[in-house]
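Report on the structure given below.
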Amino acid sequence: ECTTVVKFNGTRPAPLVTNTSNEFEFFTSKELSNDFAEKDRLLSGDLSEFNQISTEFFNELTFCELISAKIVEFDEFLHRVHPKHTDLPVGEKLFTKIEEKMVIAITLKLLQNRQVAIGPTRRECPTEQECNKPYSTYQE
């Protein structure tokens, strides 16, 4: 596992849009019991209801494609000894441990599906003079 800082050389991912939830209630006015004056009323929210507005956004996930990978590997045989009871070719020895090091360079392409607003297209005009008129006065 590894992590790295991503330096964007193009468009950054779209910012996350968070979900919202808002509760609301309706006002009610009710009569009170005989323990209160006749003109008094219970002013409160309607406790027999629960009302809520929820908005949920489904953000586009970023994903990646592997463009290239380069592996530079270094293997070193440790604790090399020449055995006493065996004849080995010149330069060869026995070892009991191996140390492996490598550098992995990968190139990834980070992608995200995005909605893009496309502006209006150029209108077709029969003559150059017609194209220079404001759009509201153009007649076919």
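Listing for the model above:
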quantity: Among 31, 76, 100: highest mean-square fluctuation, GNM of the chain, C-alpha pairs under 10 Å; calculated: 31
quantity: Set of aspartates and glutamates near residue 101 by C-alpha distance (under 17 Å), chain-local residues within fewer than 8 positions excluded; calculated: 1, 73, 75, 76
quantity: Two-site label geometry, residue 1 and residue 24: point separation in nm, points 7 Å out along Cα→Cβ; calculated: 4.5
quantity: From the coordinates shown, Rg and Dmax of the Cα atoms in Å corresponds to which of (1) 21.2, 76; (2) 37.7, 116; (3) 18.1, 57; calculated: (2)
quantity: Stretch gain in nm, segment residue 112-residue 73, where the contour uses 0.36 nm per residue and the Cα spacing is subtracted; calculated: 10.7 nm
quantity: Accessible carbon and sulfur surface of segment 1-134 relative to its total accessible area, %, 1.4 Å; calculated: 54
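The values are calculated or read from the model by the stated rules, or taken from the named source; none is laboratory data. Only a predicted model underlies this, so the values are computations on that prediction, with no experimental measurement involved. All Cβ positions, even for glycine, are placed from backbone atoms using ideal geometry, and neighbour counts span all protein chains on display. Accessible surface areas use protein heavy atoms only, side chains included; no ligands, DNA or RNA. Shrake-Rupley method; radii C 1.70, N 1.55, O 1.52, S 1.80 Å.
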